[in-house]
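The values are calculated or read from the model by the stated rules, or taken from the named source; none is laboratory data. Predicted model, so just to flag it, every value in this text is computed and none were measured. Here the Cβ is made from the backbone with ideal geometry for all residues, glycine too, and neighbour counts use every protein chain on show. The accessibility values were calculated without ligands, DNA or RNA, using every heavy atom of the protein model including side chains. Shrake-Rupley method; radii C 1.70, N 1.55, O 1.52, S 1.80 Å.
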Amino acid sequence: MKKINQQVILKLIYNEKAISRAEIAEITGLSPATVTNITKEILGLGLIKETIHGESRGGRKPVLLEINPSGAYFIGLEWGIAELRGVLMDLNKKVVAYSEKRINSYQLDNFIELSASIIEEFYEHSIEKEKLCGLGVGVHGIVDPMRGYSLFAPHFKWRDIPLKARLEEKFALPVLLDNDVRAMALAEKWNGRDNFLFINTGSGIGAAIVMDGKLHYGRDYSAGEFGHMTLDKKGPLCSCGKRGCVEAFVSTDRLVYNYNEELNEELSHHTLQTEWSKLLNDARSGIEKAVFLLEDAVEYLGLGLANLVNLLNPEEILLAGDFIEGADLLLPLLKKKIKNNTLNIPGSKLQIEVSAFGEWVGAIGGATMVLEQLFNFQEEV
């Protein structure tokens, strides 16, 4: 009970920004003596601090309590297909350091060594190691967050890898693990969003579902495989082996190769990104083939998303990944396509935007996983 009360009070201070002990007692129903004792303990941990006096209710002005940003730190990593991104975040959810490493090998040891390099960089920011609460990692593919396993990462060709155990052994830190797109959605959930679909675009198409403030995992942690929704059973072959999936029509790799059929199929991901930028710029210049390919891709993406909107009735759709670079071209088309294919009620107030965190959303989501644990906000999966 004591721990629960600590978390309730800490959460309240976090949400209210600055609050008196008397107000905490009034809101929580705890006795003033209990609030005084618990806040004294949290002050001793360095997680909160006393600040300016608040408004008087007839006596002395009360001392207010607020979060101490330097009281705890969190590291988040996104193990992506082309880059490994990391952030160092303080207790106020402010990112105090960023780092990015290029991935040249999908061997697990390479990811661990790149992660080690980023963590060492962050230690140089004069933070006390004992204030580092843990490491949160988002990994592409199907992840079992309870056991900390990568069940299947198709781009890396991984199956049943005990990542949590390996990382905790290497770094001597608590480690939390989840699918990369769910980690991205978690970052946005902490931005005050409760009912939304998060869509990550790129070589693959992933999704996360947040309903009533909770991430949806599904029975085997595989919920969100939107990229493999079938749109045309006679369509192009998808990487999953089936035909006509959303990913087969919308993958940026597929669009690049369709635009320039002379490209070598073994191009690196970084070269493909350069070609994607060229495709977007050509479309902005009005080159007919580029415009047609993008409009065709949005046609299929919009159709798939409209099906999800009719099924789940979210408040928002948030886009991340490669499509953000072409948001000026793609977002207006996508909004129109979804509007034309949704029912009136679920489509009427739907908002469609790009992620507020840009390319760092996955790493920020990883750090947020650890922050959630401190506040005991972890999702039940």
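To the nearest µm²/s, what D does Stokes-Einstein give for the range 245-381 at 4 °C and 1.567 mPa s, using the Kirkwood radius over alpha carbon pairs as Rh?
Details: Rh = 16.8 Å.
The diffusion coefficient I find is 77 µm²/s.
For the range 195-307, what is the accessible area per residue in Å², given a 1.4 Å probe and the full set of protein chains? Don't jump to the answer; show the numbers that get you there.
On the way: 5360 Å² over 113 residues.
The answer is 47 Å² per residue.
Which Cα, out of Leu215, Gln6, Ile142, lies furthest along the positive dipole direction of the chain (beta carbon charges, K/R +1, D/E -1)?
Checking the options against the dipole of the chain, the answer is Gln6.
Taking only C-alpha pairs under 8 Å that are 6+ residues apart, what is the relative contact order of the range 1-159 in percent?
Over the range 1-159, the number comes to 16 percent.
Sort the following peptides by mean Cβ neighbour count (other Cβ atoms within 10 Å, averaged over residues), highest first: 190-200, 91-101, 130-140. All intermediate terms of the calculation are to be shown ahead of the outcome.
Numbers: 190-200: 19.9, 91-101: 16.6, 130-140: 22.8.
Output ranking for 190-200, 91-101, 130-140: 130-140, 190-200, 91-101.
For the range 31-112, what is the relative contact order in percent, using Cα pairs closer than 8 Å and at least 6 residues apart in sequence?
It rounds to 18 percent for the range 31-112.
Sorted by packing (mean other beta-carbon atoms within 10 Å per residue), highest first, where do 257-265, 353-361 land?
The packing order, highest mean first, is 353-361, 257-265.
For the range 114-219, treating each Cα as an identical point scatterer without solvent, what Debye log10 I(q)/I(0) comes out at q = 0.13, 0.15, 0.19 1/Å?
-0.56, -0.74, -1.07
What part of the accessible area of the range 63-159, given as a whole %, is carbon or sulfur when the probe is 1.4 angstrom?
45 percent
Report, in debye and to the nearest 20, how large the dipole of the chain comes out about its Cα centre when Lys and Arg carry +1 and Asp and Glu carry -1 on their Cβ.
The calculation lands at about 1180 debye.
Remind me, what semi-axes does the range 1-149 give for its equivalent ellipsoid, largest first in whole Å, using sqrt of 5 times each Cα gyration tensor eigenvalue? Provide the component values of the computation, followed by the final result.
Values: eigenvalues 310, 54, 28 Å².
Gyration-tensor ellipsoid for the range 1-149: 39, 16, 12 Å.
Over the Cα atoms of the range 118-158, Rg to Rh with Kirkwood Rh, two decimal places?
So for the range 118-158, dividing Rg by the Kirkwood Rh gives 1.15.
On alpha carbon coordinates alone, what is the Rg over Rh value for the range 84-175, Rh being the Kirkwood radius?
A ratio of 0.96.
Hey, which lysines would be in cross-link range of Lys336, C-alpha to C-alpha under 29 Å, not counting anything within fewer than 8 residues on its own chain?
Counting by Cα, and skipping residues close in sequence, Lys336 has these lysines nearby: Lys189, Lys214, Lys233, Lys234, Lys242, Lys278, Lys289, Lys349.
Dividing the Cα convex hull volume of the chain by residue count, how many Å³ per residue is that?
On the way: hull volume 63.2 nm³, N = 381.
Roughly 166 Å³ of hull volume per residue.
Given H placed 1.01 Å from N in the peptide plane, which residues other than close sequence neighbours of Asn179 have an amide H under 5 Å from its amide H?
Residues meeting the criterion, in which the H sits 1.01 Å from N, are Val139, Val143.
So what's the angle, to the nearest 10 degrees on a 0 to 90 scale, between helix 2-16 and the longest Cα principal axis of the chain?
Once rounded, one gets 70 degrees.
Show me, for the range 340-355, the HN-Hα J-couplings you get by feeding each phi into the Karplus relation (A = 6.51, B = -1.76, C = 1.60, θ = phi - 60°), rounded to Hz, glycine and proline as x.
6, 10, 10, 5, 4, 5, x, x, 5, 10, 5, 9, 10, 9, 9, 4
Evaluate the Debye formula for the range 204-312 with equal point scatterers sitting on the alpha carbons, no solvent, and hand back log10 of I(q)/I(0) at q = 0.13, 0.21, 0.22 Å⁻¹, in q order, two decimals.
-0.57, -1.16, -1.22
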